[in-house]
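All remarks here apply to the structure that follows.
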Amino acid sequence: METGGSSESPIEPKKTKSKTARKPKENLLKQKSPAEFFAENKNIAGFDNPGKSLYTTVRELVENSLDSAESISELPEVEITIEEIGKSKFNSMIGLVDRERIDEELYDDFETAKAREKRLAKEARTQELHAKNAALGKKVKEPQASKGMKGRGEASFYRVTCKDNGRGMPHDDIPNMFGRVLSGTKYGLKQTRGKFGLGAKMALIWSKMSTGLPIEISSSMKGQSYISFCRLDIDIHRNIPHIHLHEKRDNKERWRGAEIQVVIEGNWTTYRSKILHYMRQMAVITPYAQFLFKFVSDTSDKNVTIRFARRTDIMPPVPIETKYHPSAVDLLLIKRLISETSRENLLQFLQHEFVNIGKSYAERLIGEMGPDFSPKMAVKSLTSQQIVRIHQLFRQAKFDDPSGDCLSPAGEYNLRLGIIKELHPDMVATYSGSAQVFEGHPFMVEAGVSIGGKDVKQFAGDTLQIEKKKGKQEGTIHHFGLYYVALEPPTFLHF
Ligand SMILES: Nc1ncnc2c1ncn2[C@@H]1O[C@H](COP(=O)(O)OP(=O)(O)OP(=O)(O)O)[C@@H](O)[C@H]1O
Ligand SMILES: [Mg+2]
């Protein structure tokens, strides 16, 4: 369409005074890859800042390991190591030469001689007061380490390694499993910890953003005489893996499992207790697993090694992949099921692609749909209006509740054992309900409450303090709740 101001117009466009005022840009249509979207919105996936990213990386890797071992009914053995990498070591890893500061005043943490003197004098006063109070037997808080000298640009780096005895991964699938956002094997209708096809990729995206170093994966599956090794990063723009090395190595020891290693920026100081708390919680709710957690640094007094021993060989039942419940499907899903089904007629489709629709019930439903439906009609020939009719009826008709077979509850025995082994409480109560259903989605509630026990302070975030009132017991209640929800796809929540 032509606009008024043609080249014939004698009026010269006025020159704007401001140098910054620009011609408005045309609205160019752009597209983002899923990897770009999550790189820009990494807080959605729990990668808000370096500390939280370290915590979430540990979680994602541990949960992948547990899913993997449980999927082959193997008692999980998970080793997680966080190795602190000093700045010099990190620089040498990426081939960067360490540089001395020359222009000190350029730096954010620069202090004038006067400011330094003032800070040191203040610290000396605080220490003196602290020593005096301690000598008088008063309760004293440890003086806080000076914040004065750490510049905001000084990042801390960590190598996070997670090794398990799980299923491993097919050699050729590894690049896509780790280098393509939203690719995974857990989209089916059964309970797993992971479900989005995102977690491991977020750890890689964060490593790419913060250190630029690739992820390393070693894996071996049952019957494989080799170990698959893959070093890769992700092409964020195109959402495809960028493979540095992918090869088969000797597997003399017949090892089976997976080991994932990623180098990221993090903050151990601020997230230490959260990470240890998480490990402890996992030990409580999966007492059939064995965890070895290590934090390793050059300062050996910071090092941590905790072994959470297995206390039972009884694992929760392996969840069975289920079909959709008719009252929990939407239009889009019905259309997808129709396009994917190998069943030819409507009767077979209803009977075999959903749970809780037997042959006679399918016939009754078809009768109810109206005169333009018949059991023998080709399911692929259904019109959009007819699919809407099926959807409407599915929402209104009565169906039996789905079974809880796609769930994998911990069970009261395991929950109780987990709490007792980790907390040694004075009292413990557990509850495990039967499978319930909400809008066609099966779920189960399990909960545990304990009073007293060791390390109660560690659980401050999750505890209810009982007030000291009229003979009420003083103590601390720990509450571990497990919700098993089979949504679309099944969700695992615990808190
Ligand atoms: N330790 C492991 N052992 C075996 N397979 C693994 C392991 N870690 C990841 N995988 C495979 O890689 C896939 C992608 O993992 P990723 O964590 O990105 O997604 P997810 O676990 O499917 O879902 P979520 O985003 O909820 O974590 C998994 O579906 C699984 O098949
Ligand atoms: Mg995962």
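Give the peptides 51-57, 173-179, 196-202 in descending order of average Cβ contacts within 10 Å, highest first.
51-57, 196-202, 173-179
Amide H to amide H distances under 5 Å link residue 227 with 249, 250, 251, where only residues 5 or more positions off or on other chains count and H is placed in the peptide plane.
What ranking do 268, 206, 255 get, fewest neighbouring Cβ atoms within 10 angstrom at the top?
Fewest-to-most ranking of 268, 206, 255: 255, 268, 206.
Reported value for segment 244-307: 167 Å³ per residue, from the convex hull of its C-alpha atoms. Taking θ as phi - 60° and the Karplus parameters 6.51, -1.76 and 1.60, the scalar couplings of segment 156-172 work out to 10, 10, 9, 9, 9, 10, 10, 10, 9, 10, x, 5, x, 9, x, 3, 6 Hz in sequence order, x denoting glycine and proline. Within segment 366-444, the GluC sites (Glu not before Pro) that combine a DSSP coil assignment with at most 15 other C-beta atoms in a 10 angstrom radius are 439. Computed 3J(HN,Hα) for segment 199-211, one whole-Hz value per residue from the Karplus formula 6.51 cos²θ - 1.76 cosθ + 1.60 where θ = phi - 60°, is x, 5, 5, 5, 4, 5, 4, 5, 5, 5, 6, 9, 10, glycine and proline marked x. Each part reduced to its alpha carbon centroid, segment 346-362 and segment 159-182 end up 38 Å apart. Across segment 288-348, C-alpha contacts under 8 Å between residues 6 or more apart give a mean separation that, scaled by the residue count, equals a relative contact order of 25 percent.
Working note: Debye formula, equal point scatterers on the alpha-carbon atoms of segment 326-396, no solvent; log10 I(q)/I(0) at q = 0.19, 0.22, 0.28 Å⁻¹ is -0.67, -0.95, -1.84.
Can you list the equivalent-ellipsoid semi-axes of segment 31-142, largest first and in whole Å, using the square root of 5 times each Cα gyration tensor eigenvalue?
Numbers: eigenvalues 354, 150, 54 Å².
One finds semi-axes of 42, 27, 16 Å for segment 31-142.
Throughout, read-outs are computed from the coordinates displayed, never taken from laboratory work. Just so you know, these numbers come straight off a predicted model, no measurement behind them. Backbone-built Cβ (ideal geometry, glycine too); neighbour counts: all protein chains shown.
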